[in-house]
1. What is the Cα coordinate range of the chain on the first, second and third principal axes, sorted by size from largest, in whole angstrom?
2. Distances longer than 16 Å among the Cα atoms of the range 172-272: what percent of all pairs is that?
3. Just going by the charge dipole of the range 208-312, with Lys and Arg at +1 and Asp and Glu at -1 on Cβ, which of Ile246, Tyr312, Met262 is farthest out on the positive end?
4. Starting from 0.36 nm per residue, how many nanometres of slack lie between Tyr312 and Gln284 once their C-alpha separation is accounted for?
5. As a test of the definition: which semi-axes, in Å, follow for the range 82-231 when you take the square root of five times each eigenvalue of its alpha carbon gyration tensor? Largest first, please.
6. Please give the per residue accessible area of the range 155-266, computed with a probe of 1.4 Å over protein heavy atoms only, in Å².
7. So what J values fall out for the range 111-121 if you push phi through Karplus, 6.51 cos²θ - 1.76 cosθ + 1.60 with θ = phi - 60°, rounded to Hz, Gly and Pro as x?
8. Considering only DSSP beta bridges where both residues belong to the range 130-283, give the percentage that are antiparallel (nearest 5).
Amino acid sequence: MMEVAEKVVFDKVNINLYSKKNPVEVPVLENKIITSGKSPNFIRHITFDVSGTLLENNIVCGQSIGVLPPGFDHKGKPHKLRLYSVSSPSKGEDGNGKLYSTTVKRLIDENWNSGDLFTGVCSNYLASLKPGDTVRLTGPSGKRFLLPKNATDFNYVFFATGTGIAPFRGMVKELFDKGMTNDVVLIFGCPYRTDFLYEDYFNSIANKYSNFNYLVCVSREEKRRDGSPNYVQCKLIDESPLLNPILEKENTLVYICGLKGMEYDIYRNLAVQGFDSYLNFKKQMDANPANWSWKDIKSNVKPAERVFVETY
Ligand code: FAD
Ligand code: A2P
C-alpha cells in the first residue's frame, strides 16, 4: 500500500471515435427493466452489440456514449445528442469488448408549464428499443471520470443517485476482477425500495468480499432522526465509523455520479468530518461547514485532485 498520496494518473483513453456527423449504427442485444414490478420508475439495462465497429474494445468503464435519437425537435432541427454512462467494465459484458450496456431511466413527468404529459425524447426512445433494433451512437466520451492507472492501489468511496450507479457497476466489476484488496464503499440513493439497481450483483460482491461495502439510502421510505430524507451524503455523518478511517487514507478517491444536488452536500459533509483535503477553496469559508450555503459552496468550493464528479 502507498505511504503517501500518489498522484492520480489515468491511462490514455480513446474519445470521439464516432462523432455526431459520423455516428455508428449498432444493434440492441437486450433491453430489460431493472426496477421491480411495482416501482413508479422505469429504469432499463440496455446492451448494444458494438462488434466490428471502432467501439469494440475501446470503451473504458466510467466513459459515456452519445445517443442520437431519430426525429426532429419543435424547431424542426434533428434531435440533439444525449449522453449515457456505460455500465459495463472495460472488457464489456461479454469479456471481449463486443457488448456494452447502459442504464436508462425513462423521463416521464407532467410538463412544468402546461401540465400535459412530458416524456423525454431520448430516454423513452432508448427504453422502448427492442432487441435487433439499431441505434446511432457516438463516442466514447470522458477522459477523467475513470479508474486511475494502478486502480487497485487506491481505496474508493462511490456516491450514486439513481442511474448514477451505471459507471460504478462497471468500476466495481473491474476492480474485483483485478483482485481488489483495498476498500470500496458504494453508497446508492433511490426513491423507493423497488428502485434498487443491480442489487443482486452488489450484494453478491458484498457477501464475497469484506472490503466491499454497499450502503443504500431510500429517500422516500426512510427518514433520518431529524426527519430529513435519507440521502447519500448523510452517510458521511451516519456511517462515519465505517467511512472516516477510509477517507483518512491518502490513497482514497471519492467519485460522485448522478444528481447535481448531492454534490454540494457531499462537500459540506466532507468538511464537517474534517476532510478538507478533498476540497479546494476559492475563498475562506465560515469555520463551521454546517453553516455553508449551497450558494457559497457553488461559488467557492471545488473538488480537489482526489474527487471525481459526473453529475447531470
Ligand atoms: P429531454 O427530452 O432532453 O428532456 C429533458 C429536458 O426537458 C431537460 O432540459 C429538462 O430541463 C426539461 N424537462 C425535464 N422535465 C420537464 C418537465 N416536467 N416539464 C418540462 N420540461 C422538462 N441518463 C440516464 O438515464 N442514464 C445514464 O447513465 C446517464 N448518463 C449521463 C451521463 C452524462 C455525462 C450526462 C451529461 C447525462 C447522463 N444522463 C443519463 C442524462 C441523459 O443524457 C438525458 O439527459 C436524460 O436521459 C433525459 O433525456 P431525454 O432526451 O429523455 O429528455
Ligand atoms: P427524492 O426524489 O426522494 O428527493 P432517481 O434519479 O431515480 O429519481 O433517484 C435519485 C435519488 O436521489 C432519489 O432518491 C432522490 O430523492 C435523491 N435526491 C434528490 N435530491 C437529492 C440531493 N440534493 N442530494 C442527494 N440525493 C438527492
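1. That works out to 53, 48, 39 Å along the principal axes.
2. Values: 3066 of 5050 pairs.
For the range 172-272, the share of Cα pairs beyond 16 Å comes to 61 percent.
3. With unit charges placed on the Cβ atoms, the residue in question is Tyr312.
4. Values: separation 28, 0.36 × 28 = 10.08 nm, distance 2.76 nm.
Full extension of this stretch gives 7.3 nm more.
5. Details: eigenvalues 155, 115, 34 Å².
They are 28, 24, 13 Å, listed largest first.
6. Working: 4290 Å² over 112 residues.
Averaged over the residues of the range 155-266, the accessible area is 38 Å².
7. In residue order, the calculated couplings are 4, 4, 8, 8, x, 6, 5, 10, 10, x, 5 Hz.
8. Numbers: 1 of 20 bridges.
Just about 5 percent of them are antiparallel.
The values are calculated or read from the model by the stated rules, or taken from the named source; none is laboratory data. It should be emphasised that the depicted structure is a prediction, and the values quoted were computed from it without experimental measurement. Neighbour counts are summed over all protein chains in view; Cβ atoms, including those assigned to glycine, are modelled from backbone coordinates with ideal geometry. Accessible surface areas use protein heavy atoms only, side chains included; no ligands, DNA or RNA. Shrake-Rupley method; radii C 1.70, N 1.55, O 1.52, S 1.80 Å.
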